[in-house]
Amino acid sequence: MVVPTSTLPANLQHQVDKYEKQFSTPTETLNKIVSHFISELDRGNTDGTDPSGIPMNVAWVMDYPDGSETGDYLAIDLGGTNLRVVMVHLLGNHKFTSEQEKYPLPGPIRTTRVKEELFDFIANSLDDFVKKLNPNGIPEGTVYPLGFTFSYPCTQTSIDMGILQRWTKGFDIPGVEGEDCVPMLMKSINKRGTPIKVVALINDTCGTLVASRYTDNMTEMGCIFGTGVNGAYYERVSNISKLEGKLCDDIPKDSPMLINCEYGSFDNGRKVLPRTIYDVEIDNESPRPGQQAFEKMTSGYYLGELLRKVLVSEYKMGNVFPEYEAGAREIEYLTTPYILDASFLSLCEADETPDLRETQMLYKAKLDCLSVVSPLLARR
């Protein structure tokens, strides 16, 4: 629904026009962004060491699933919000079944100063899940193969290792960057005696592609639009010049290689993406200023924060939440960083009530304020 502009006070109409201009991208600028993005993909396959560009990480998955694979496999997905633990039963004929459970990440764990807290949390969750699957005890001799979906940029020289390049999605845990994450997890697993062995480390975007390809052999790309943003695809090894000298001589040049683009880092060098003052603030206040430029402008972890910052600006100017005299009383929750997530925006966008009452109730529940909904949000 669009609020007719004729109903807006002049000061709000001016602000609406300002934000529409700030958060819109002209076609000419979009074309420049696309051109630079493509050049960065090509550069990353040639040399992925430039910290200001897209790294195009090699995932060391060198074949397509064909849907005939069978077996039982554990999988975990460490994302920005939850740890998901899954038991996958591959049945062949492009079919599978699974059992899964989500374990919400404790808020402080993103920035804990003790790295073992993160890996102990993962190991405890795995132990809990496996025991729930085996209420009468784990059969003797069982060792569950585990695929570790670690959704952060990693350098890999084999399928079962991954050196963390940098934390993203608000994580900032010392002692992990520059280290192989698999031994850290296995140390925590072994402390509990859980019969699990990590056999593969993969990014969530790569996992999305491989899993989808198992059920549909027409799948060509995996994409994530969630807490972070990313893409993955299969490239031919002949097109990845940075692999020269790192492959066995008998590997055909047309062999596929799974590439984890990590395009959340696109334009870290600030060459083409147009940033608002709010984008700059978010970057400066983040644990890693100057990194993950594209992710900080588009992903679910940051979109709600962009809205919150806009609302704070408008509140201070007296344009929204008129039940509070501007500058006389702070709205406690509105001044809390990252109190809003992308789901808040989605629910507001889905509100079809004529007076936007559902959105007003969302404001009441989330921000403890109830007023005429900001037309800045109502304009669709």
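The values are calculated or read from the model by the stated rules, or taken from the named source; none is laboratory data. None of the values given here were measured: they were computed from a predicted structure. Please note: Cβ atoms are built from the backbone with ideal geometry, for glycine as well, and neighbour counts cover all protein chains shown.
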- Being among the polar types (S, T, N, Q), over 15 Å from Pro65 (Cα atoms) and touching a strand residue (DSSP E or B) at 6+ places or on another chain (Cβ under 7 Å) is the filter here, so list the residues in region 191-232 that pass it. Asn203, Thr205, Asn230
- Note on the structure: Residue pairs within 7 Å by beta carbon, gap of at least six or interchain, first lying in region 110-136 and more than 14 Å from Asn190 (Cα to Cα), second assigned to a helix (DSSP H, G or I) and not small (Gly, Ala, Ser), listed first then second, are Thr112/Leu118; Lys115/Met184; Glu117/Ile109; Leu118/Ile109
- State the number of residues belonging to region 287-326 that are at pLDDT below 85, charged (D, E, K, R) and surrounded by 19 or more Cβ atoms within 10 Å (Cβ to Cβ). 0
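Let's see how each residue does on (1) in contact with a helix residue (DSSP H, G or I) (Cβ under 9 Å, 6 or more places away or on another chain); (2) under 16 Å from Gly228 (Cβ atoms):
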| site | (1), (2) |
| --- | --- |
| Lys132 | no, no |
| Leu146 | yes, no |
| Cys154 | yes, yes |
| Thr157 | no, no |
| Arg166 | yes, yes |
| Gly170 | yes, yes |
- Message: When you check Gly231 against the structure, is it buried (at least 18 other Cβ atoms within 10 Å of the Cβ), under 23 Å from Pro51 (Cα atoms) and among the small types (Gly, Ala, Ser), yes or no?
- Response: yes
- Taking region 76-95 and keeping only residues that are in contact (Cβ under 8 Å) with a residue 60 or more places away in the chain, under 28 Å from Tyr338 (Cβ atoms) and of a type in the set (A, V, I, L, M, F, W, C), one is left with Ile76, Leu78
- Message: Take the conditions of a type outside the set (Phe, Trp, Tyr) and outside any loop (DSSP other than H, G, I, E, B) and apply them to Ile251. Does it pass?
- Response: no
- Item | Test result for Thr335, within 30 Å of Asn11 (Cβ to Cβ), polar (S, T, N, Q) and surrounded by 12 or more Cβ atoms within 10 Å (Cβ to Cβ) | yes
- Residues located in region 272-286, provided they are buried (at least 17 other Cβ atoms within 10 Å of the Cβ) and either touching a strand residue (DSSP E or B) at 6+ places or on another chain (Cβ under 6 Å) or hydroxyl-bearing (Ser, Thr, Tyr) (or both): Tyr278, Ser286
- Residue check, Glu244 among the acidic types (Asp, Glu) and either assigned by TED's automatic domain parsing to the domain that holds Gln292 or closer than 29 Å to Lys296 by Cβ (or both): no
- Task: Mind counting the residues in region 1-52 that are assigned to a loop (DSSP other than H, G, I, E, B), at pLDDT 90 or above and within 26 Å of the chain's Cα centre (by Cα)?
- Result: 3
